[in-house]
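These notes are about the structure you will find just below.
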Amino acid sequence: MARLVLKFGGTSVGDIPRIQNVARHVKREVEAGHHVAVVVSAMAGKTNELVAWCREASPIHDAREYDAIVASGEQVTAGLLAITLQKMGINARSWQGWQIPIRTDGAHGAARIQEIDAGEIVRRFDEDQVAVVAGFQGIAPDNRIATLGRGGSDTSAVAIAAAIGADRCDIYTDVDGVYTTDPRIEPKARRMAKISFEEMLEMASLGAKVLQVRSVELAMVHKVRTFVRSSFVDPDAPGMGDFDNPPGTLICDEDEIVEQQVVTGIAYSRDEAQISLRRVEDRPGVAAAIFGPLADAGVNVDMIVQNISESGDATDMTFTVPAGDLQKAITLLENAKAEMRYDALQSESGLTKVSVIGIGMRSHTGVAATAFKALAARSINIKAITTSEIKISILIDGDYTELAVRALHGVYGLDKA
Ligand code: ADP
Ligand code: ASP
Ligand code: MG
């Protein structure tokens, strides 16, 4: 007998038949004698609809009310799954974040979990009760509902797994594991049996939305045995209930992976925008003067390129921001033009950041050059580059996203045989 957390994403609970299918996955584990906590997302598309309603009601709105609204999607699915399980003869009840409670910080809209009191859930395991927990939500110090940022149900699941000391956390989704790149873009992508925490962290933070970044961090810190697997399979097919080796991808420590590739995967993130400040006065403190106010306004600046301008006495500063923050950034920079002392501001949206990720890069040279060549061969222009020990990110025109992802996937030998 073990403790398991099963998380089901939006498409997995998209309608009542799908919820019934999810209930059969839960039933399989319960009948195997395990104690189960289930975490559910809102039905597919629901959170987007709720977010759009907030914006329609008022483009600028109270983040606490935003949370009250967008957290409601998960409440519905938790109740629906509890009813479905009860109908199948399984003892189950739904839990909202505040009822457990899952305590978060006060950063409404992107809150971080600080503490989970899982005592009652665990006590009810002794009564063979299944806990169906609404993902994506908790309660902030101001006693109001807080949400964990888009994709946050993954984080709820891993955090609950850590809190109850689960033997495994299964993230059920609409793909059967983590692939070498998004299988929707590259059909030749291969499913990995295992991926290291560090590489998964990079993949997630560079755009692979299969797991929310924070969930990977928590799994890494708390050593939660986390699998990504599909809900879109017959719950009773052979091997589905395999305790040690369920079908899917295990996120694990680097040393659990026997054959390490140089490049593990390719990620991409669309909707990037670029801003260039031309002829910024070249003096100490200028970067602080530009990026300080952007940071204060909550604009997430990513790739930064600085080069000396033609005359040598000024510098050009180019950087990227999420497209959604572009207007805010431009307004802020234009208003501060006098203090920042630049000549002109240029911007461009519709860009994509493609990234090559692999722990093997630490000990191999030439990985970046291979990427540049592959893109050049397809006449894809590179607008900016950043690198770290285990990744290379390249900014390109968004129209070339698919082409670039497939080119990079192929050039590192990741294509399926
Ligand atoms: P859920 O609603 O279950 O949380 P998401 O839509 O958030 O599901 O995440 C699953 C999606 O992530 C897949 O449908 C896939 O298109 C996308 N994805 C992006 N990169 C990858 C990758 N490397 N491996 C698997 N899926 C990926
Ligand atoms: N429903 C939320 C979202 O769409 C949380 C999640 O699905 O993980 O972002
Ligand atoms: Mg998700």
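The values are calculated or read from the model by the stated rules, or taken from the named source; none is laboratory data. For clarity, every value in this text was computed on a predicted model and none was experimentally measured. Note that we place each Cβ from the backbone using ideal geometry, even for glycine, and neighbour counts take in every protein chain shown. Note: accessible area is taken over every heavy atom of the protein model, side chains too, but ligands, DNA and RNA are not part of it. Shrake-Rupley method; radii C 1.70, N 1.55, O 1.52, S 1.80 Å.
By the scheme Lys and Arg +1, Asp and Glu -1, what is the net charge of all other residues having a beta-carbon under 10 Å from that of Asp154? Here the charged neighbours net out to +3. Zone of Asp343 (label point 7 Å along Cα→Cβ, backbone N under 14 Å): which residues in region 299-319? The answer is 307-317, whose backbone nitrogens lie closer than 14 Å to the label point. Compared with the dominant Cα axis of the chain, that is its longest principal axis, helix 326-335 is turned about 40°. Which shape class applies to region 60-130: rounded if a/c is under 1.5, otherwise prolate when a/b exceeds b/c and oblate if not, where a ≥ b ≥ c are the square roots of the Cα gyration tensor eigenvalues? Oblate.
For the pair region 311-336 / region 171-210, the C-alpha centres are spaced 33 Å from each other.
Spatial offset of region 287-310 relative to region 97-140 amounts to 38 Å, using the alpha carbon center of each. Report the calculated FRET efficiency for Lys416 and Arg225 (r = Cβ-Cβ distance, R0 = 22 Å), to the nearest 0.05. The calculated FRET efficiency here is 0.25. Extent of region 254-296 along its three principal axes (Cα atoms, max minus min coordinate, largest first): 51, 25, 22 Å. Converting the Cα gyration tensor eigenvalues of region 31-179 into ellipsoid dimensions via √(5λ) gives semi-axes, longest first, of 26, 17, 14 Å.
Mark the label point 7 Å from the Cα of Lys328 along Cα→Cβ and return the residues of region 42-70 whose backbone N is within less than 20 Å of it. 48-70, by backbone N distance to the label point. Gyration tensor over the Cα atoms of the chain: the corresponding equivalent ellipsoid has semi-axes (square roots of 5 times the eigenvalues, largest first) of 40, 27, 17 Å.
For the pair Ala32 and Gln86 in one chain, pulling the backbone fully straight at 0.36 nm per residue adds 17.7 nm over the alpha carbon distance. Seen against the Cα atoms of the chain and their longest principal axis, helix 213-222 is set at about 60 degrees.
Accessible surface for the chain, divided over its residues, is 44 Å² per residue with a 1.4 Å probe. Computed from point charges on the beta carbon alone (+1 for Lys and Arg, -1 for Asp and Glu), the dipole magnitude for region 115-269 about its Cα centre is near 540 Debye. Summing charges over all other residues whose Cβ lies under 10 Å from the Cβ of Val210, with Lys and Arg as +1 and Asp and Glu as -1, gives -2.
Under the simplified labelling scheme, the Arg123-Ser311 pair shows an inter-label distance of 7.4 nm, with each label point 7 Å from Cα along Cα→Cβ. Pairs of Cα atoms nearer than 8 Å and 6+ residues apart set the relative contact order; for region 330-398 it is 39 percent. Simple spin-label estimate for Asn245 and Ala377 gives 3.6 nm between the two label positions (7 Å along the Cα-to-Cβ direction from each Cα).
The modelled label-to-label distance for the pair His61/Glu256, using points 7 Å beyond Cα in the direction of Cβ, is 4.0 nm. Rounded to two decimals, the Cα radius of gyration of region 260-417 over 2.2 N^0.38 Å is 1.15.
Evaluated at q = 0.11, 0.13, 0.14, 0.20 Å⁻¹, the base-10 log of the normalised Debye intensity for region 157-282, with identical point scatterers placed on the Cα atoms, takes the values -0.43, -0.56, -0.64, -1.19. Most tightly packed first, judged by the mean number of other beta-carbon atoms within 10 Å of their residues, the peptides 231-239, 55-63 read 231-239, 55-63.
Scoring 215-226, 279-290 by mean Cβ neighbours within 10 Å over their residues and listing the highest first yields 215-226, 279-290. Ligands, DNA and RNA aside, Val258 has an accessible area near 140 Å² when probed at 1.4 Å. With contacts taken as Cα pairs under 8 Å and at least 6 residues apart, region 72-221 reaches a relative contact order of 19 percent. Excluding same-chain neighbours fewer than eight residues apart, the lysines reachable from Lys337 by a Cα-Cα span under 21 Å are Lys328. Highest mean packing first, where packing is the average number of other Cβ atoms within 10 Å per residue, the peptides 111-119, 331-339, 128-136, 263-271 line up as 128-136, 263-271, 111-119, 331-339. Pairs spanning more than 25 Å between alpha-carbon atoms, out of Lys46/Lys188; Lys27/Lys209; Lys353/Lys373; Lys87/Lys194: Lys46/Lys188; Lys27/Lys209; Lys87/Lys194.
Against the chain, whose longest principal axis comes from its Cα atoms, helix 16-31 is set at around 60 degrees. All other residues whose Cβ lies under 14 angstrom from that of Asp271 are scored, Lys and Arg at +1 and Asp and Glu at -1, for a net of -2.
Listed by chain and number, the aspartates and glutamates placed with their C-alpha closer than 17 angstrom to that of Lys383 are Asp271, Glu272, Asp302, Asp316, Glu348, Asp397, Asp399, Glu402; residues fewer than eight positions away on the same chain are left out.
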